[in-house]
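The values are calculated or read from the model by the stated rules, or taken from the named source; none is laboratory data. For clarity, every value in this text was computed on a predicted model and none was experimentally measured. Please note: Cβ atoms are built from the backbone with ideal geometry, for glycine as well, and neighbour counts cover all protein chains shown. Heads up: the accessible areas ignore ligands, DNA and RNA and are worked out on the full protein's heavy atoms, side chains in. Shrake-Rupley method; radii C 1.70, N 1.55, O 1.52, S 1.80 Å.
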Amino acid sequence: MVSKNNGLRVLTVFLAILIMFSLCNIGIKSANATTSADLSISQNGIDFIKGCEGFSEYCYYDGAQSSIGYGTKCGTTAHSSKQHKITREQAEIDMLREINNQYIPNIRKQTSGIQMNQSQFDALVSFTYNTGGGNTMIKNSPLVKFLRGELSESDARSQFENYVVTNSATGKVDQGLKNRRNKEANLFFSDVPHDSKVPTYSNLESDKTMIAVGEEITFTASSDYATGFTIGIYEGTEQYSVQAMPDGRLTLTFDKAGEYGAYVTSYNSLGYVDSNWVGFIVYDSAPTYSNLESDKTMI
């Protein structure tokens, strides 16, 4: 059996990882993706924030400021007077004014040039409306790190759950804020395709074990949760080629006789696994006829 060459294995896995990376970011670098400079909050985003904030007809103190409606600012003492009240319609108008004048400009400044979709933008607006966004809070957030390709979805979700969740009045971690971060993460990733599990096995088969030069051989890959396959082929102990396998199938011909082998890397956005080793022989074109003669019939 021909042994694998570590160099080609690294190249095969590297190609698979490059494709995995593109899968991980498909939700933010698709044909419909754009940057924050081109986006405004959607009605879905508005309703999401209203649901997180809740509505108050009168002013109240939220631990940081006097607020009213859907969390917009009142005068510093109005919350104790009960004289200032607001309708839901006016509260939404005031909320949108604050979002458009204060929070969206901050998001655009801290995410300049980064591609995102509408749900991702809406989630960042909710986060910024809740926290203010500071000077670096948005760009250093796990969600924006995901957009830059610095974190996986699972890591971004895990870290974001504990990001800016301290109650300013008590100085303690607030479970309500953690719940909000989870909701914002769910909104953020709602339009990103998800793979359910890391592939647990990878199998490669060929329809022939011996072929002539120029004759076709077909390889078929299979796995449980894989969304893509990359095949590495060797000639003897030397690397021959690395190729993607569309739909898990690939038909090849070889122009040189020799002993060959192949394996496949099956992958999705969560991980990869290598297959069994398949060996095959390529021989020079077969003779078209065979004849035997003898110089005597009896000796």
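Of the residues that sit in segment 132-158 and are at pLDDT 95 or above and hydroxyl-bearing (Ser, Thr, Tyr), which one is most open to solvent (accessible area, probe 1.4 Å)?
Per the criteria, the residue is Thr136.
Taking segment 162-172, which residues are at pLDDT below 95 and either open to solvent by 60 Å² or more (accessible area, probe 1.4 Å) or out of contact with any Asp or Glu (no Cβ under 7 Å at 6 or more places or on another chain) (or both)?
Listed by number, the residues that qualify are Thr166, Ser168, Ala169, Thr170, Gly171, Lys172.
Kindly indicate which of Glu153, Glu161, Glu184, Glu205 is under 14 Å from the mean Cα position of the chain (by Cα) and on the phi < 0 side of the Ramachandran plot.
Result: Glu153 is the single residue among Glu153, Glu161, Glu184, Glu205 that is under 14 Å from the mean Cα position of the chain (by Cα) and on the phi < 0 side of the Ramachandran plot.
Any residue that is over 30 Å from Ser119 (Cα atoms), out of contact with any Gly (no Cβ under 9 Å at 6 or more places or on another chain), open to solvent by 40 Å² or more (accessible area, probe 1.4 Å) and free of Cβ contacts under 8 Å to residues at least 24 places away in the same chain - is there at least one of those in segment 195-207?
So far as segment 195-207 goes, yes, one or more of its residues are over 30 Å from Ser119 (Cα atoms), out of contact with any Gly (no Cβ under 9 Å at 6 or more places or on another chain), open to solvent by 40 Å² or more (accessible area, probe 1.4 Å) and free of Cβ contacts under 8 Å to residues at least 24 places away in the same chain.
Can you tell me which of (1) within 24 Å of Val198 (Cα to Cα); (2) touching a strand residue (DSSP E or B) at 6+ places or on another chain (Cβ under 6 Å); (3) open to solvent by 20 Å² or more (accessible area, probe 1.4 Å) is the one Pro246 doesn't meet?
(2)
Kindly indicate whether any position in segment 284-299 is assigned to a strand (DSSP E or B) and either surrounded by fewer than 18 Cβ atoms within 10 Å (Cβ to Cβ) or under 28 Å from the mean Cα position of the chain (by Cα) (or both).
no
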